[in-house]
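Chemist: Encoded as structure tokens, here's the structure I'll be asking about.
What follows is calculated from the coordinates using simple rules that are stated; it is not laboratory data. Model, not experiment: these values are computed from the prediction. Here the Cβ positions follow ideal geometry from the backbone for every residue, glycine too, while neighbour counts run over all protein chains shown.
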Amino acid sequence: MANRLSPADVLRLNRQQARALAERVGTAPIRALLTDAHNDLRKRIDAATRGFDPATPTGLREMRVTLAQVEDVTRSLAKDLGTTTARAAKQVAEVSVSGMTRYLSDAQRAYGSKARPLALREGAMLRRAVQGAESTVLRRLATTEKAREAEQEEGGEAPDTAPRISLDRETSVLSRYSVATIGEFETQLSTAVAVGKPWLATREALIQQSPFLQGAPVSWAERIARTETMGAYNRAGWEGIRAADDDLGDMVKILCASFDARTGWDSYQVHGQIRLPDEAFEWAGGLYQHPPNRPNDREVVVPHRKSWSIPPELAWRGDGEVMAAWLRDRRKGAPPARPDMTTVPLDQFGKG
């Protein structure tokens, strides 16, 4: 759908995103995200121009189109900040749209490069200044580990400030990154999401920030990138559900898993779980408002209304399927009890 938008529509969507975010969290975090995106794009464009980066001609043109959008939004936000009220700012933001529209239209005709809206909201979800300790899965892991260490040292109870996440060997190591390193990861990831940076470039940027990752399997950096990207989009989607519920009053959120040879037994167990927008989902490892509940989790949140029937693809999986996946994962004994699958009686759905 985004590729069918006109350049003018793309620019207006970018500006609307930036204004809405700035009104919610302040201009500083959004300007910082735009600055990081600008610097990253300039660096990649320069490397590609000098032949140091294997970007294709089409990729280079797309980076230039994206850079033009970032610069346009930055100017727009600066004008919003420097003029009068928010109402007047929306009028000011339209003044220079015609010139930038011509630029994007010319690029589209000359190179076939489609302008896509920036993912500013999703990128902002990975910024600590916007989301705090909930900004990334890695930061939540680090918070959990610190709370556990504090509990052991003081002999008291650790504050329940983060989801309980089952740590395998790889994840346990990743959870012990320094706060500074996690901050660098968040900068790289938020920039990548906001401007649609390719997976390979994102993975390499993460590796450059960590000596540990430089000696680890490439799949570890890939895992971080994919998990955190899923987290950003699901967080943005969850906030959208909450906003829609304010208007409609009958929204719910439903967990949807992907099923293939890599799907874990617990995803079979929680697929189709239904909650009100502010209620937490539940799995064997604890509570979480939206996926991912652990690294490499591929579940998504589906927005739904009580007035709609539950579609077949969101139907709960049977206990037999859960047990088959449990045994396939070479687990012993019986799986943990299935959590409550819905807090909303099923007879309330599909009544128009």
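Chemist: Between LEU327 and SER178, what is the label-point separation in nm under the 7 Å Cα-to-beta-carbon projection?
Modeler: Spacing of the two 7 Å Cα→Cβ label points: 5.0 nm.
Chemist: Calculate the length of the line joining the C-alpha centroid of the range 24-41 to that of the range 211-283, in whole Å.
Modeler: The range 24-41 and the range 211-283 have Cα centres separated by 25 Å.
Chemist: Turning to a different aspect of this structure: What ranking of ASP297, ASP329 emerges when the number of other C-beta atoms within 10 Å of each C-beta is taken as an exposure proxy, fewest first? Intermediate values should be presented prior to the final figure.
Modeler: Details: ASP297 23, ASP329 12.
The fewest-first ordering by Cβ neighbours comes to ASP329, ASP297.
Chemist: A further question on this structure: If you rank ASP245, ASP260 by fewest surrounding Cβ atoms within 10 Å, what's the result?
Modeler: Values: ASP245 18, ASP260 7.
Lowest count first: ASP260, ASP245.
Chemist: If each residue of separation counts as 0.36 nm, what is the full-extension length gain between ASP278 and THR56 once their alpha-carbon separation is subtracted?
Modeler: Values: separation 222, 0.36 × 222 = 79.92 nm, distance 4.44 nm.
Contour length minus Cα-Cα distance gives 75.5 nm.
Chemist: In nanometres, what is the gap between the two model label sites at ASP247 and ALA133, each 7 Å from Cα along Cα-to-Cβ?
Modeler: Between ASP247 and ALA133, the label points sit 3.4 nm apart.
Chemist: Just grab the label-to-label distance for ASP46 and ASP340, each label 7 Å out from Cα along the Cβ direction, in nm (one decimal).
Modeler: Using points 7 Å along Cα→Cβ, the separation is 5.6 nm.
Chemist: So for the range 249-348, averaging the separation of alpha carbon pairs under 8 Å that are six or more residues apart and normalising by length, what relative contact order in percent results?
Modeler: 38
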